[in-house]
Each structure stands twice: as structure tokens, then as C-alpha cells.
Amino acid sequence: PEASTPTAVVSVSQYACQRRTTTENNNKTFTDAFEVLAERYELNEIEGPCLAFRRAASVLKSLPWAVRSLGATQDLPCLGEHTKSVMEEILQNGRSFEVERILSDERFQTLKLFTSVFGVGPKTADKWYRRGLRSFNDVLADSSIQLNRMQQSGFLHYEDISRAVSKAEARALRNIIDKAVHAITPDAVLALTGGFRRGKEFGHDVDFIVTTPEPGEEETLIPKVINRLTKQGILLYTEYQASTFDMSKLPCHRFEAMDHFAKCFLILRLEGSQVEGGLHIAEGDSRGWRAVRVDLVAPPMDRYAFALLGWTGSRQFERDLRRYARMERQMLLDNHALYDKTKKELLAATTEKDIFAHLGLEYIEPWQRNA
Ligand code: DCP
Ligand code: MG
């Protein structure tokens with residue numbers, strides 16, 4: 001027989017949008033450690049190493065096998081010196097001392113605690129920390145701190161919002177939003193997006209895209225939905241942002257964290273009776289309802305595919321789609337549009353598949369985008 005059959009080497013792309021990543025993670029010990037390191041750099045506003053650890057975690061998440069030795073990683077992209085030394089430590093000791101040091105660091109712990117409140121970002125958290133505040137009680141007892149409306153509801157509903165939302169709860173919310181938008185416009189389109197569209201069992205919120213075929217009508221859709229939810233008495237918090245989208249200003253050249261579509265950040269009251277199998281709440285909680293974070297985005301219909309692709313995530317998948325478009329295709333992609341810099345034109349798309357095709361990428365299903 002042949003002395004040796006060459007092992008099929010399927011190379012792993014450096015771009016998450018060329019990998020298929022399901023919710024099954026075979027390398028959780030490594031990726032959890034990388035996430036802590038990335039967060040530490042993020043909180044210290046050191047972007048390069050933060051991104052490097054996020055990319056490395058994303059590569060390992062895409063593997064259908066568990067890494068058992070450093071040698072097994074030699075053909076993988078995006079694993080640098082620092083990353084490999086952390087992996088080596090974990091392979092040898094089952095844990096990383098650097099990660100443990102970060103997790104026991106007072107500043108890290110406090111910033112993580114403060115940013116876990118809805119409406120509190122890294123800047124505010126750091127300001128509170130530098131003031132000597134270390135706990136929620138410290139913050140709430142400090143009379144010189146003026147919490148904004150978002151932070152007030154963040155503290156008010158802290159227990160509920162920091163508890164994961166289940167798939168059944170997401171489905172119940174879909175029914176509520178579906179009834180609302182269709183009562184307003186019978187031909188409205190509603191899509192569940194974010195982590196739940198990727199097949200996740202739990203999420204920190206529930207994300208929806210709503211639109212209508214009538215151009216311009218999508219801009220009034222969210223205020224009308226808000227109105228209806230208010231009348232139903234289930235709106236606990238709302239932050240509405242009107243559309244600042246302007247087709248003539250495309251393409252946007254720099255990466256923008258947020259798009260310009262009309263949107264709202266809500267906290268809704270979800271009744272247990274509406275959730276199949278019941279609410280995902282603490283044992284002994286007998287209120288019969290819980291607060292849930294919901295985001296609604298309303299792009300115009302001709303921007304729907306771009307908005308859907310942009311809001312489905314994951315964040316790393318989105319980052320790499322944009323990076324791939326820019327680096328490999330001389331194109332600019334964001335939640336609004338795809339621009340071909342060579343042809344100097346905007347490319348049309350009615351489905352996500354159209355966008356992947358424009359980019360010359362194989363289509364990746366939503367549940368394969370958990371990069
Ligand atoms: N998104 C993005 N950049 C942002 C905010 C959002 O690309 N600054 C996209 C990618 C996210 C999606 O929107 O996947 C929804 O945002 P979420 O924060 O709700 O993230 P997920 O739904 O993916 O996860 P979770 O389960 O935490 O809600
Ligand atoms: Mg989400």
C-alpha cells in the first residue's frame with residue numbers, strides 16, 4: 001500500500017465570514033480565557049491586543065475539534081505569541097495565571113460590575129471607579145452622581161435584565177411585537193435578528209427588524225409600536241432614536257458602531273402566561289412577570305438585507321465581513337449599503353445571499369455566524 005496518504009489539510013481562513021461557526025464551541029476553556037484578556041484590554045482602551053484575542057477566540061470557536069496540543073494549532077491563522085503562551089499555560093496547568101490575576105483584580109471586577117448596568121459604559125464606570133466607588137450601594141449613595149433615565153431603569157430592573165433571556169421568552173416577545181406591527185400596517189415585515197437568529201438558546205436581549213414596503217412609512221412604525229405597547233401597559237422603558245439615515249450620504253467611509261436607521265431600546269414587561277414553559281426567572285420568584293430588554297430597528301425596505309445582515313451578528317462575524325470587503329474586494333460594507341470602490345457604485349441587494357454573492361463569498365447561514 002501507499003506509504004502514506006497525505007492528510008487532507010483544510011486551511012482555516014483568517015476571516016470569520018469564510019468560516020462556519022455554530023453555537024457548539026469545542027475550545028471553551030481557551031476562548032473564555034481569551035475573552036477575559038480581550039475585555040481587560042478593552043477596558044484599558046488598548047485596541048490592538050483586544051482585537052487579537054477576539055480574533056484568536058473566533059478561530060478556535062470555528063474548529064470542529066478540541067485543541068489538545070500547541071502543535072495542533074500550527075496551521076491556524078490569528079494565533080500570536082501571547083495567545084499561544086496562554087494556550088500553553090492552559091494545556092499544562094488547566095488554567096492561565098494571567099487570566100486569574102485579571103479576574104481577581106479590583107479595578108477589573110468593579111468595571112465589569114458597573115458596565116453590567118444598562119446605560120453604563122466603560123467611561124462612566126471608570127469615572128465612578130476613580131471616585132473610589134466599588135459597589136452599587138456606593139454609587140446609589142453618592143449624592144453628587146446624577147443617573148440618567150437609562151441608568152435609573154438599569155438599576156431598577158437590574159436583577160431581571162442581567163438574567164439571560166430564553167428562546168421561549170424571545171418567541172413570546174416576537175408574538176407581542178408581531179401583533180403590534182401588523183395592527184399598525186398589515187403588510188409590515190418583522191424579523192427576529194441578533195443572537196436568537198443565530199440559534200442561541202439564551203441572549204442578553206431580543207433584537208428585531210421591522211419595516212414596511214411603503215417607502216417612508218417605516219419611519220413612523222416604531223413610534224406607533226411604542227404607542228401601542230404603552231397602551232398595553234407593558235412598556236417599562238423606552239429610548240427612541242429617530243432616523244438620521246440619508247441615502248445621499250452613502251457610503252459611510254468610517255466604521256460606525258451604530259447605524260442611522262430609526263430604532264428604539266426598550267424594556268418590556270413579559271407575563272409568564274405568555275411564555276411556553278414559563279419564565280426564565282429565579283426559583284421562588286412569584287411575581288409572574290419579568291423585565292426584558294428589546295431592541296427594534298426600522299430600515300427602509302430597500303436597505304432591509306443590509307440591516308438584517310448587520311444586526312444578525314456575531315460582532316466578530318460583522319467585523320470580518322467589513323474587513324474582508326475592504327481588504328479583499330475594495331468594497332465598503334455597513335448596515336446601510338455595500339459600495340464598490342472600483343466601480344464607484346452602490347450595489348443593490350434584496351436578500352443576504354445577494355450581499356454574499358456581491359462579495360464573492362460562499363453563503364453562510366445565520367446559525368453558522370457564531371464567530
Ligand atoms: N451589532 C454590531 N455592532 C454593534 C451593535 C450590534 O455589529 N455595536 C450587531 C451584531 C450583533 C447584533 O447587532 O450580533 C445584535 O447585538 P447584540 O448586542 O444584541 O448581540 P447578540 O444579539 O449577538 O448577542 P446577545 O445574546 O448578547 O444579545
Ligand atoms: Mg441580542
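None of the figures in this text is laboratory data; all of them are computed from the coordinates on show. Everything numeric in this text was worked out from a predicted model, so none of it was measured. With ideal geometry, Cβ positions are generated from the backbone for all residues, glycine too; neighbour counts draw on all protein chains shown.
Here are some notes:
- Eigen-decomposition of the gyration tensor built on the alpha-carbon atoms of segment 2-118 gives equivalent ellipsoid semi-axes of 30, 16, 12 angstrom, largest listed first.
- Bridging of K200 to lysines at a Cα separation below 22 Å is possible for K28, K61, K167, K353, once same-chain residues fewer than 8 apart are set aside.
- Span from the segment 160-229 Cα centroid across to the segment 42-114 one, whole angstrom: 35
- Loop sites here are GluC sites (Glu not before Pro) outside DSSP states H, G, I, E and B with no more than 13 other Cβ atoms within 10 Å. The longest part of the chain free of them is 46-200.
- Quotient of C-alpha Rg and 2.2 N^0.38 Å, computed over segment 214-282: 1.50
- The share of alpha-carbon pairs in the chain lying farther apart than 36 Å comes to 30%.
- Low-density loop positions, chymotrypsin sites (Phe, Trp or Tyr not before Pro), segment 266-371 - DSSP coil, at most 13 other Cβ in 10 Å: Y363
- Averaging 1/r over every pair of different alpha carbons in segment 259-371 and inverting the result gives a Kirkwood radius of 16.4 Å.
- Of all lysines in the structure, the ones whose alpha carbon falls short of 21 Å from that of K123, not counting any fewer than 8 places away in one chain, are K112.
- Net charge dipole size for the chain [Lys, Arg +1 and Asp, Glu -1 on Cβ; Debye, nearest 20]: 280
- Shown here for segment 88-143: trypsin sites (Lys or Arg not before Pro) in loop regions (DSSP other than H, G, I, E, B) with at most 14 other Cβ atoms within 10 Å, namely R95, R131.
- Straight-line reach from K249: taking Cα to Cα under 23 Å and skipping same-chain neighbours fewer than 8 places apart, the lysines in range are K263, K341, K343, K344.
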